[in-house]
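J.: Got a structure for you, questions after.
The values are calculated or read from the model by the stated rules, or taken from the named source; none is laboratory data. If you're wondering where the values come from, they're calculated on a predicted model, not measured in any experiment. Please note: Cβ atoms are built from the backbone with ideal geometry, for glycine as well, and neighbour counts cover all protein chains shown. In case anyone asks, the SASA skips ligands and DNA or RNA and just uses the protein heavy atoms, side chains included. Shrake-Rupley method; radii C 1.70, N 1.55, O 1.52, S 1.80 Å.
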Amino acid sequence: MAFDYDLFVIGGGSGGVRAARIAASEGGAKVALAEEYRMGGTCVIRGCVPKKLMVYASEYPGLIEDARAYGWKVEAGAFNWGHFRVQLEAELNRLEAAYRGGLTGAGVEIFDQRATVADPHTVELADGRRFTAKHILIATGGRPFMPDVPGAELAVTSNEMFRLDMLPKRALVVGGGFIASEFACILNGLGVDVCQYYRGAQILRGFDDEARGHVATAMQAAGVTIHCGTDVLRMEKTHTGIRVVATDGTEREFDLVLYATGRKPNTAGLGLEPLGVELGRNGEVKVDEWSQTAVPSIYAVGDVTDRINLTPVAIREGHAFADTVFGGKPRKADHELVASAVFTQPELGTVGLSEEAAREQEPVEVYVASFRPMQTLFAGRQDRVMMKLVVSQSSRKVLGCHIVGPGAGEMIQLAAVAVKMGATKEDFDRTVAVHPTMAEELVTMRNPVRRG
Ligand code: NDP
């Protein structure tokens, strides 16, 4: 049977774009891609990229204060949100065009509309057109999840954060994960009075306990008011803002409430289940290690599969799929030892197991260095950096590396190479320090602080 396309990709985010481009350019496939919103997906349009630019924007007041301590006569002045938004939009347009150009340059045909799956080999566009394809790739990502709280319509999600008309004076951030903690720091840095409500005992659940404690302490010292064990009961509009009634019995008023309470895979209405594609409890597409669903012609990559919801992982999954199905190079995406960074202030970079998870597995030695880095110490700041290695007692391998401090995201990328290669504590030790840096502490920690 002749198909219209070899591959039809639904979703123009990190995973879908990579798969489409590689299948077309290296696999020689005839490829189409449908995207209902903007090319680039969550990461480029309303996630990692604009978020990181906001992190940069929010760091300047601190840098200017430090510059004064170093002898510069400078004043911070006021932050112009309108100016930043225009610059941000221009940058996102540039990136969107680059993604589009990369696809069309590879010969991929783009449809700027929603697509659903009609049968295992047929895609239907919102305008009613139908196309057949030998393979269909679902790469529709995820969307913010908002719990059913009275007054939920008064709150915004991360989707709206990059397009606010103006910055609020008082903001509440609900949630304790990546997105909540990052936005709490961004808003705080931009001069907003920020409260963060988290239902659990400590923010950033799942990360190393000591590292998350360090981040939370530093965030509070920087001005974010974190209320753990606290959730929203209801929200009401007042003529001066949004009144939030919380589980701790308090009533506070804010100008903006941001809900960052997780994300859900975008599978609703795609037409997958009637075809036999299995969905999980969260709505995620169930796939095997080749990213193939229960329907052999349908694959899925990225956040829609709810495996590790990070852009570089989606890219690897999309690339592995294209290599396997179109490139004659069968390979699976590797989900082991994926490093990540939370762009809080201070940043948290992590790879491998937390101390708690490692202890469950085997006896460990824990090495920790906590110190005031010279750059901010000189400026009179109390900021502390933390570096931590969790080491297997039997194999001596570094099972986990956790860094909290400026540039932790950059540092963990390099530490991750060593950890991925199976480096032992002794491999770290015989690596000569680069001085004076913060990262040198990673190779100069002599005695474990804990064993067991
Ligand atoms: P997370 O899963 O990281 O965090 C969700 C938070 O919301 C948790 O603190 C959770 O609490 C809380 N929560 C969940 N449901 C409710 C509820 N009904 N009421 C109150 N609180 C609730 O999700 P995010 O939205 O922060 O981020 C989604 C994913 O995006 C991340 O997991 C990550 O993979 C990715 N991401 C990565 C970034 C990076 O690499 N820097 C940046 C941003 C996002 P509890 O802990 O109790 O479950």
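J.: How much of the accessible area of the chain, in percent, comes from carbon and sulfur atoms when a 1.4 Å probe is used? Each step should come with its number before you reach the end.
T.: Details: 10920 of 20970 Å².
Ligands and nucleic acids excluded, carbon and sulfur give 52 percent.
J.: List the equivalent ellipsoid semi-axes of segment 84-130 in whole Å, largest first, each obtained as the square root of 5λ for an eigenvalue λ of the Cα gyration tensor. Mind dumping the intermediate values first?
T.: Details: eigenvalues 175, 41, 11 Å².
Equivalent ellipsoid of segment 84-130: 30, 14, 7 Å, largest first.
J.: For each pair in Lys51/Lys237; Lys30/Lys329; Lys332/Lys425; Lys397/Lys420; Lys286/Lys332, compute the distance between the two Cα atoms and list the pairs where it is over 22 Å.
T.: From Lys51/Lys237; Lys30/Lys329; Lys332/Lys425; Lys397/Lys420; Lys286/Lys332, over 22 Å: Lys51/Lys237; Lys332/Lys425.
J.: Span-like helices, the chain: DSSP H, alpha-carbon axial extent 24 Å or more, mean Kyte-Doolittle -0.5 or greater, which ones?
T.: On the way: long enough: 48-69 (32 Å, 0.02); 81-105 (35 Å, -0.44).
Helices meeting the criterion: 48-69, 81-105.
J.: Quick one: work out Rg over Rh on the C-alpha atoms of segment 210-320, Rh as Kirkwood radius. Write out the running numbers ahead of the final one.
T.: Numbers: Rg = 20.4 Å, Rh = 17.8 Å.
Computed over Cα atoms, the ratio is 1.15.
J.: In the chain, what percentage of the DSSP-assigned beta bridges are antiparallel, given to the nearest 5?
T.: Close to 60 percent.
J.: Taking 1 over the mean of 1/r across every pair of different Cα atoms in segment 104-185, what Kirkwood radius in Å do you get? Walk me through the numbers on the way to the answer.
T.: Values: mean 1/r = 0.0594 Å⁻¹.
It is 16.8 Å.
J.: Still on this structure, please answer the following. Return the Rg/Rh value of the chain, two decimal places, where both radii are evaluated on C-alpha atoms and Rh is the Kirkwood radius. Don't skip to the end; give the middle numbers.
T.: Working: Rg = 23.6 Å, Rh = 23.8 Å.
Across the chain, the Cα-based Rg/Rh ratio is 0.99.
J.: What do you get for Rg/Rh over segment 22-156 if you use C-alpha atoms and the Kirkwood form of Rh? Each step should come with its number before you reach the end.
T.: Numbers: Rg = 21.4 Å, Rh = 18.8 Å.
With Rh from the inverse mean 1/r over Cα pairs, Rg/Rh is 1.14.
J.: By per-residue mean of other Cβ atoms within 10 Å, what is the highest-first order of 443-449, 412-418, 296-302? Don't jump to the answer; show the numbers that get you there.
T.: On the way: 443-449: 13.6, 412-418: 17.6, 296-302: 25.3.
Top to bottom by mean Cβ count within 10 Å: 296-302, 412-418, 443-449.
J.: Bins of 10 Å, beginning at zero and ending with the bin holding the largest distance: percent of Cα pairs per bin for segment 135-178, please.
T.: 17, 46, 24, 10, 3, 0
J.: Continuing with the same structure: At 1.4 Å probe radius, can you tell me the per residue accessible area of segment 243-377 in Å²?
T.: Working: 5930 Å² over 135 residues.
Computed with neighbouring chains in place, this is 44 Å² per residue.
J.: Please compute, over every Cα-Cα pair in segment 291-390, the percentage with a separation greater than 20 angstrom. Mind showing how you got there, number by number?
T.: Details: 2907 of 4950 pairs.
The answer is 59 percent, as a whole percent.
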